[in-house]
Amino acid sequence: MSKKGFTSIIAIIIGAFVIGVAVYFGVRQYQSQKVEKEKLAQEIIKLQAEKDQQTTEEQNRQSAEIKGLKKDIQTLKSSNTGVVSKESSNSSNEITPEELKPYLNAIVRIECLNTSGSGSLWNFSGQYVVLTNYHVVEHPAPDGHCNVYSSENGSGTPGGWYDIYPSTSKRWSTYTDVATIDLIKYDTCDENGLNCTNSAPVENLNYRVSFLTKCSSKVPINAPVVILGYPAFGLTSVLVKGVNYTHFNFIVSNGIVSGYDDRLTQPLGNLPYSNYFVSNKIDSGNSGGIALSKDKSGLCVLGIPTWLSVGNYETQGIVQNIHNVMYVSP
């Protein structure tokens with residue numbers, strides 16, 4: 001073999017070796033990259049799984065929190081405390097104008113010799129009476145009568161002027177400031193006996209208060225209260241052609257039961273039930289009117305506004321409990 005041929009063979013062998021080495025390292029590099037890619041893919045899958053697990057746990061946690069909040073809200077709604085139950089209670093116990101309207105002119109104004117006050121109309125088995133405080137009517141005119149005025153008050157029921165004679169008054173017991181007096185119709189005329197104003201027949205007046213239920217014997221504190229009557233702060237006057245006319249305005253006052261007056265209850269007193277302190281705006285003239293509250297069944301008669309308790313800076317109205325008013329003592 002010639003030297004030139006031998007050199008060619010050596011060149012071929014070296015070239016093949018170099019190619020083989022290149023191929024070997026290329027394959028190793030490819031395999032290494034493949035392994036790295038597989039490891040990277042596994043890491044990505046692992047991270048995604050962890051993320052999915054965290055998302056699921058977070059969703060479960062949020063779901064549990066939402067369920068807990070819903071349960072707390074339901075608990076508040078069913079209880080008597082807390083913001084939600086308070087709002088619910090207020091909306092359900094609020095005394096609306098529509099509920100009150102049928103009873104507005106069941107309240108009358110009473111004028112005696114030098115006193116005035118309020119009263120309510122009651123129908124006791126066909127006996128038509130005014131229920132009021134005794135101190136309102138204890139000083140009648142010289143002939144023994146007091147005037148009663150029944151206003152229409154937007155209810156559609158007619159009214160007019162009537163007489164009562166306090167000497168004929170009755171009450172359930174001697175331990176309460178109460179008077180029930182028969183109502184007598186009369187027609188008012190001018191000094192010449194003319195221009196008479198005809199009053200509605202006694203039996204046609206508004207006696208709906210009679211058919212309201214009595215509130216429970218001890219209405220809870222913060223229960224709603226409305227006072228209906230003719231307080232002194234509702235008195236207005238107007239000068240017409242040199243003559244000063246006064247007008248007693250019918251007033252509705254809103255408040256709550258703010259406490260219990262136990263000074264007259266047994267064993268220290270003679271009455272079985274607490275009377276009520278109320279936050280309503282009350283003045284002289286409200287005495288003898290009516291106080292209404294509301295329970296699950298609707299409006300109910302709480303009692304009769306009677307006195308004022310005067311403090312250093314505030315006054316509290318006192319309502320005689322209707323169960324005391326109609327209590328028959330042994």
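Figures for the structure shown
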{"read-out": "Close pairs (7 angstrom Cβ cut-off, 6 or more residues apart or separate chains): not assigned by TED's automatic domain parsing to the domain that holds residue 180 in the range 281-310, part of a loop (DSSP other than H, G, I, E, B) and polar (S, T, N, Q) anywhere", "value": "none"}
{"read-out": "Output for the range 260-284, where each listed residue is under 15 Å from residue 322 (Cβ atoms), part of a strand (DSSP E or B) and hydrophobic (A, V, I, L, M, F, W, C)", "value": "271, 278"}
{"read-out": "Hits in the range 264-298 (condition: buried (at least 21 other Cβ atoms within 10 Å of the Cβ) and aliphatic (A, V, I, L, M))", "value": "271, 278, 282, 290, 291, 292"}
{"read-out": "Flag for residue 257 being in the same structural domain as residue 213 (by TED's automatic domain parsing), in a strand (DSSP E or B) and within 19 Å of residue 209 (Cα to Cα)", "value": "no"}
{"read-out": "Residue 133 being in the same structural domain as residue 306 (by TED's automatic domain parsing), at pLDDT 90 or above and buried (at least 16 other Cβ atoms within 10 Å of the Cβ)", "value": "yes"}
{"read-out": "Some residue of the range 160-175 being out of contact with any Lys or Arg (no Cβ under 9 Å at 6 or more places or on another chain), modelled with pLDDT under 95, among the β-branched types (Val, Ile, Thr) and over 19 Å from residue 111 (Cα atoms)", "value": "yes"}
{"read-out": "Those residues of the range 163-211 which are among the hydroxyl-bearing types (Ser, Thr, Tyr), crowded, with 18+ Cβ neighbours inside 10 Å and farther than 23 Å from residue 227 by Cα, in sequence order", "value": "169, 199"}
{"read-out": "Answer from 277, 248 - the residue that is within 23 Å of residue 212 (Cα to Cα) and in contact (Cβ under 8 Å) with a residue 12 or more places away in the chain", "value": "277"}
{"read-out": "Residue in the range 239-247 that is part of a strand (DSSP E or B), over 25 Å from residue 129 (Cβ atoms) and modelled with pLDDT of 95 or more present", "value": "no"}
{"read-out": "Residue list for the range 202-238, filter: part of a strand (DSSP E or B), in contact (Cβ under 8 Å) with a residue 24 or more places away in the chain and of a type in the set (Val, Ile, Thr)", "value": "213, 225, 226, 227"}
{"read-out": "Residue match in the range 270-289 (condition: of a type in the set (D, E, K, R) and touching a strand residue (DSSP E or B) at 6+ places or on another chain (Cβ under 9 Å))", "value": "yes"}
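The values are calculated or read from the model by the stated rules, or taken from the named source; none is laboratory data. Keep in mind the model is a prediction, meaning the values are calculated, not measured. So basically every Cβ, Gly included, is an ideal-geometry build from the backbone, and we count neighbours across all protein chains shown.
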